[in-house]
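Notes to accompany the following structure.
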Amino acid sequence: MIRIASIEIRGKSDRGDFIGRLEFAPGLQVISGPNGFGKTLAAESIAWCLNLETIFGRKESDPTFFPEAVLEELNLPDVKSVRVLSSEAQLTLERHDGERLELTRAITHDRERIRITRLGVKSGPSTLTLLTGSGTMADPTIGFQRYLFEWLGWPPKPATTFEGRDAFIYIENLAPLFYIEQQEGWTDIQARQVSRYAQQQIRELSVEYLLGALDAVDQRVARQRTATLENALRASAKLLADQAAQMFLKQGWAVDWSGNGSVREIEGRWSAQTLRQALARDAEIDIKKQRAIAVERVVALRRIVTTDPVDPANMSAGSSASQLVVDLKQRRHRINSELRTLHGQYSDNEHLFESLVHRIRSATDVHRLKTTGVGRLAHLECPTCHRELDTEEFDLTEQTGPEVEAHIEALKRDRVLTRQTMNALATVIRTTEAEMARLDGELHNAQRALEDVTASVGPVREQIVRAAANLAAQERFIEKLDETDASIEELQKAVDGWLAEAKAAHALGGTGTDVGDRVAVFTKALGQYLLALGHSAVVDRGVANLRLNGGQYEPYLGHRRLRALGSGSDPARLVGAYTLALAAAGVTLKGLHPGVVILDEPLQQNPDTRHLGLFLDFLSQDLAKNAKFQTLVFTFLNDDQVRKLRDSGTTVITVDGHLLGPVPPPPPEQARSTEKPEKAP
Amino acid sequence: MENDRPLERLATLLAASGAQPDLNPGRLAPSTIYDLEYRVVVVAMVFQLHAATDRFSSRPRIQGRRLKLLQFIAMRPWLVDVIRGWSASRRDAQRSLDYEQGLRRGFISDTMHESVMDFLVAAGALRREELFVIPGAKSSIIFDLHSEAEKRTLFRSEVAALHELKDIVITNEMLEGW
């Protein structure tokens, strides 16, 4: 836990040095001053020294949210429009063990560095300069964010971006839960965190982190990584399935080895059987058996070609070779024609599917049109006789909402049927294409044999050539079988690798976390703060039904989102309560909350004195005053309000006149003892 | 009247022959293509996107037949490619004649469109002026419908089809079904 000990803004102008400083004690403090007196400058300087400028919607190291007074021109009490030459801010943090850290960051020049002075309780001061920026989280040597996390005792926690890249939980992600800036901080809880650095579920991660539920953080990130990994696994499964389909199709084997569906589904299918088993099941092919048969044939054919006697009277070699080619061509022609028909049917079904998709979309819009009343044509009348037009006279009908719903349901059923037909057709096409590929191979061999037989002279030669052609075809077939066998082996290895990866992906997420208990403490605190701040919906209905929805930590009252309930100023009350309750729970649970809450201009969020009074009442309650964390409220109170708060025991720091002024001269004895005055920054 | 319940009659006949018919009238829900409100919205979108002023008229106008063809395609966006092909083949009389007889027959015999137009003319939303359709005294019906549908992003595929049709040349011969 830490507290903010002081904030100091100082600089040089062409009329000399200037300075402004606020010191803070532990607990609740209200810093009051009129607009333009430098309250916001102080609050923004705290953010600047913590490298939090991005929560003002600025780029890193962009100081343009600061007022002109520290950038260009300053009005001093005696002189107006003094030109600012340089300026810097210094934030002093104090840790629970008493160690202090001074963070000094230039506003006008050299803004990418922060000078750090560490004032140990027992050791002397040490100084170093580090680089700012979220990227420095990954740099343990010169990164400011990493240094700050280590000093705070915050473990760096990795997160995943929506693009699947690695990131961290940065200080900018956590800060909107304890630093409510005046512009947009009050509009919604953690409103400014949305999409920052595009980490997935960063809202949830930040709450869990500050509550100290680090195992929940780890498990959430692991689940995200599993999801990212699963996307990659699905893509690689598709690729493997395509390779398998190509390989089998090349051989003329129709095998169903699909890479569609979820990772679990694919895993289930692929681990149930190997590629060889699928080949045996779908195409009834056993490569070893086929090879053995082919080898036998080769031996027999070799015998015919070399040693077996040849019948010189047998004239059938030429005609049988020719007949085989003719038969194969006829079969090819028939299958080709079947394929054309099948492709035509598939294309028709694709069109039908497309039209169904469109019709469902249109009908859904018609349903919206009818249920929302947009475009209803009720009470159309004739412009001349003013008689209401009867649609029946025009042979027209208007359908009712339920009729359109029934139509949508019917269309959806048709869509399912069409999809099933398309799937069935795709299977048949795959089988037929495989048959075609096999037939092409056979035809190629038969044509080659016919050419050889035709070229030879005499029946003996014809027979030998025919047998030799068959022998060559069989040998080629064995070669192809061996190649395919090797490919299947290789692909099976890839499939096994994929299955191992899928298994590892499932094992990523852990189980068991105490986040539920921590959230219960947070919810209880939230109820207390909502009541204390006077949230109208919670005051009316009580906190019995208050809950934070599972896993997202969004407050609900019963079934309604609390953000949507109550008066116009209640959302700001909800933001305040959420922020303070998180700090209270974080401190109670010894979580990672820094123990500091900064609320900039909470009173501006109230439309009238009655609502404003609710917040002032809260500041004088024990819940606010006796909190075990530091609360800094930057606002403007009139004299009566200041007196009232002080009477109730609340600390109020008033800023009279502008925060920034000339540097006062040193006391005489100090001036004498300092021979070489230190240069102004 | 027996003819009013043809489904039930058919079921009785089938049951008499030993069949076990399962009646599900929900599946016979009429298509939204025959819904007046849907048709009016589509006509409004066609008019807004395709009607234009020219040197003969200071009010936006569109040929009645063109309106009929465009609304027919808008309700069936998968036909945009078909009409594009038809348009491309318009210089080749024989090819053009062969092209998608189904589409020609479909839009020419779309009698419901005539009824919708009669209704809109009677309501004063549109007016017929010779071959053209122009806004009527109560044309706000049309304009409001279109802007509401646009605001609520309804009927996006119809609108997309109508935008695509802007780039396709549709000749008078095509409008007559040739």
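The values are calculated or read from the model by the stated rules, or taken from the named source; none is laboratory data. Note that the structure is predicted; figures quoted are calculated from it, not measured. Heads up, the Cβs are rebuilt from the backbone with ideal geometry, glycines too, and the neighbour counts pull from every protein chain shown.
Each residue in segment A:477-527 was checked for being over 30 Å from A:Trp253 (Cα atoms) and buried (at least 17 other Cβ atoms within 10 Å of the Cβ), and 11 pass. Looking only at residues of segment A:551-590 that are part of a helix (DSSP H, G or I) and among the basic types (Lys, Arg), we find that the one that is nearest to A:Pro26 (Cα to Cα) is A:Arg573. Restricting segment B:56-69 to residues that are of a type in the set (Lys, Arg) and part of a helix (DSSP H, G or I), the residue that is nearest to the chain's Cα centre (by Cα) is B:Lys68. Starting from residues that are closer than 24 Å to A:Ile114 by Cα and among the aromatic types (Phe, Trp, Tyr), keep the ones in segment A:1-48 and report whichever is farthest from the chain's Cα centre (by Cα). Across segment A:1-48, the extreme among qualifying residues is A:Phe18. Scanning segment A:355-369 turns up no residue that is away from chain B (no Cβ under 12 Å) and aliphatic (A, V, I, L, M).
The set of residues from segment A:255-278 being touching a Phe, Trp or Tyr at 6+ places or on another chain (Cβ under 7 Å) and modelled with pLDDT under 90 comprises just one member, A:Val255.
Among the residues making up segment A:453-478, those that are within 19 Å of A:Pro312 (Cβ to Cβ) and among the charged types (D, E, K, R) are A:Arg461, A:Glu462, A:Arg466.
In the set A:Gly534, A:Gly542, which member is surrounded by fewer than 14 Cβ atoms within 10 Å (Cβ to Cβ) and of a type outside the set (Val, Ile, Thr)? I'd like the intermediate steps shown before the answer.
Working: A:Gly534 fails: surrounded by fewer than 14 Cβ atoms within 10 Å (Cβ to Cβ).
Just a single option satisfies the conditions, and that option is A:Gly542.
A:Val310: outside the structural domain of A:Asn423 (by TED's automatic domain parsing), touching a residue at least 24 places away in the same chain (Cβ under 8 Å), touching a helix residue (DSSP H, G or I) at 6+ places or on another chain (Cβ under 8 Å) and not in a helix (DSSP H, G or I), yes or no? Answer is no for this residue.
Which condition from (1) among the aliphatic types (A, V, I, L, M); (2) under 23 Å from A:Pro662 (Cβ atoms); (3) under 35 Å from the mean Cα position of the chain (by Cα) is the one that A:Leu52 breaks? In the conditions (1) among the aliphatic types (A, V, I, L, M); (2) under 23 Å from A:Pro662 (Cβ atoms); (3) under 35 Å from the mean Cα position of the chain (by Cα), A:Leu52 misses (2) alone.
What number of residues within segment A:389-427 are farther than 19 Å from B:Arg39 by Cβ and more than 10 Å from every other protein chain (Cβ to nearest Cβ)? Total satisfying the criteria: 14. Looking only at residues in segment A:370-388 that are in a helix (DSSP H, G or I) and at the interface with chain B (Cβ under 8 Å from one of its Cβ atoms), the one that is modelled with the lowest pLDDT is A:Thr372. The numbered conditions (1) exposed (fewer than 15 other Cβ atoms within 10 Å of the Cβ); (2) modelled with pLDDT of 90 or more; (3) within 24 Å of A:Ala43 (Cα to Cα) are all true for A:Pro155 except (3).
Which one of A:Gly318, A:Gly344 is part of a helix (DSSP H, G or I), away from chain B (no Cβ under 14 Å) and under 30 Å from B:Thr32 (Cβ atoms)? First the steps, then the outcome.
Details: A:Gly318 fails: under 30 Å from B:Thr32 (Cβ atoms).
Of the residues listed, the single one that is part of a helix (DSSP H, G or I), away from chain B (no Cβ under 14 Å) and under 30 Å from B:Thr32 (Cβ atoms) is A:Gly344.
Per-residue answers, yes or no, for (1) in a helix (DSSP H, G or I); (2) surrounded by fewer than 17 Cβ atoms within 10 Å (Cβ to Cβ); (3) at pLDDT below 85:
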site	(1), (2), (3)
A:Glu393	yes, yes, yes
A:Val404	yes, no, no
A:Ile408	yes, no, no
A:Leu411	yes, no, no
A:Ala424	yes, yes, no
A:Val428	yes, yes, no
A:Thr432	yes, no, no
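For segment B:66-82, the candidate set comprises residues that are closer than 14 Å to B:Gly106 by Cβ and away from every other protein chain (no Cβ under 13 Å); within that set, the residue that is surrounded by the most Cβ atoms within 10 Å (Cβ to Cβ) is B:Leu70.
Let's see how each residue does on (1) more than 17 Å from the chain's Cα centre (by Cα); (2) within 10 Å of another protein chain (Cβ to nearest Cβ):
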{"position": "B:Phe143", "(1), (2)": "yes, no"}
{"position": "B:His146", "(1), (2)": "no, yes"}
{"position": "B:Arg152", "(1), (2)": "yes, yes"}
{"position": "B:His163", "(1), (2)": "no, no"}
{"position": "B:Ile168", "(1), (2)": "yes, no"}
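Within this structure, A:Leu417 fails the test of being assigned to a helix (DSSP H, G or I), touching a residue at least 24 places away in the same chain (Cβ under 8 Å) and under 42 Å from the mean Cα position of the chain (by Cα).
Yes/no per residue for (1) over 35 Å from the mean Cα position of the chain (by Cα); (2) outside any strand (DSSP E or B):
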site: A:Leu592; (1), (2): no, yes
site: A:Phe615; (1), (2): yes, yes
site: A:Leu623; (1), (2): yes, yes
site: A:Val633; (1), (2): no, no
site: A:Gln641; (1), (2): yes, yes
site: A:Gly649; (1), (2): yes, yes
site: A:Val652; (1), (2): yes, no
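Based on this model, can you work out whether A:Asp17 counts as assigned to a strand (DSSP E or B) and of a type in the set (Asp, Glu)? Yes: the conditions hold for A:Asp17.
Just checking, does segment A:259-268 include any residue being under 30 Å from A:Thr579 (Cα atoms) and assigned to a loop (DSSP other than H, G, I, E, B)?
no
The numbered conditions (1) in contact with a helix residue (DSSP H, G or I) (Cβ under 9 Å, 6 or more places away or on another chain); (2) more than 30 Å from A:Thr427 (Cβ to Cβ) are all true for A:Ser319 except (1).
Rundown of residues vs (1) within 21 Å of A:Arg368 (Cα to Cα); (2) at the interface with chain A (Cβ under 9 Å from one of its Cβ atoms); (3) at pLDDT below 85; (4) more than 17 Å from the chain's Cα centre (by Cα), yes/no style:
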| position | (1), (2), (3), (4) |
| --- | --- |
| B:Asp110 | no, no, no, no |
| B:Arg127 | no, no, no, yes |
| B:Glu130 | no, no, no, yes |
| B:Gly136 | no, yes, no, yes |
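Annotation: of all residues in segment B:16-55 being assigned to a helix (DSSP H, G or I) and over 22 Å from B:Gly136 (Cα atoms), the one that is farthest from the other protein chains (Cβ to nearest Cβ) is B:Ala16.
Suppose we filter A:Gln330, A:Gln290, A:Gln277 for residues that are more than 49 Å from the chain's Cα centre (by Cα), exposed (fewer than 13 other Cβ atoms within 10 Å of the Cβ), polar (S, T, N, Q) and part of a helix (DSSP H, G or I); which single one remains? Explain how you work it out, then say what you get.
Values: A:Gln290 fails: exposed (fewer than 13 other Cβ atoms within 10 Å of the Cβ); A:Gln277 fails: more than 49 Å from the chain's Cα centre (by Cα).
Step by step, each of A:Gln330, A:Gln290, A:Gln277 is checked, and only A:Gln330 is more than 49 Å from the chain's Cα centre (by Cα), exposed (fewer than 13 other Cβ atoms within 10 Å of the Cβ), polar (S, T, N, Q) and part of a helix (DSSP H, G or I).
The one condition from (1) of a type outside the set (Val, Ile, Thr); (2) surrounded by 19 or more Cβ atoms within 10 Å (Cβ to Cβ); (3) away from every other protein chain (no Cβ under 14 Å); (4) out of contact with any Lys or Arg (no Cβ under 9 Å at 6 or more places or on another chain) that B:Ser58 does not meet is (2).
Hey, among A:Tyr197, A:Tyr179, A:Tyr209, which residue is of a type in the set (Phe, Trp, Tyr), in contact with a strand residue (DSSP E or B) (Cβ under 8 Å, 6 or more places away or on another chain) and modelled with pLDDT of 90 or more?
Numbers: A:Tyr197 fails: modelled with pLDDT of 90 or more; A:Tyr209 fails: in contact with a strand residue (DSSP E or B) (Cβ under 8 Å, 6 or more places away or on another chain).
Matching residue, one of A:Tyr197, A:Tyr179, A:Tyr209: A:Tyr179.
Counting only strands (runs of 3 or more DSSP E) wholly contained in segment A:119-190, the ones carrying 1 or more residues that are without any contact (Cβ under 8 Å) to a residue 12 or more places away in the chain occupy A:125-131, A:166-168.
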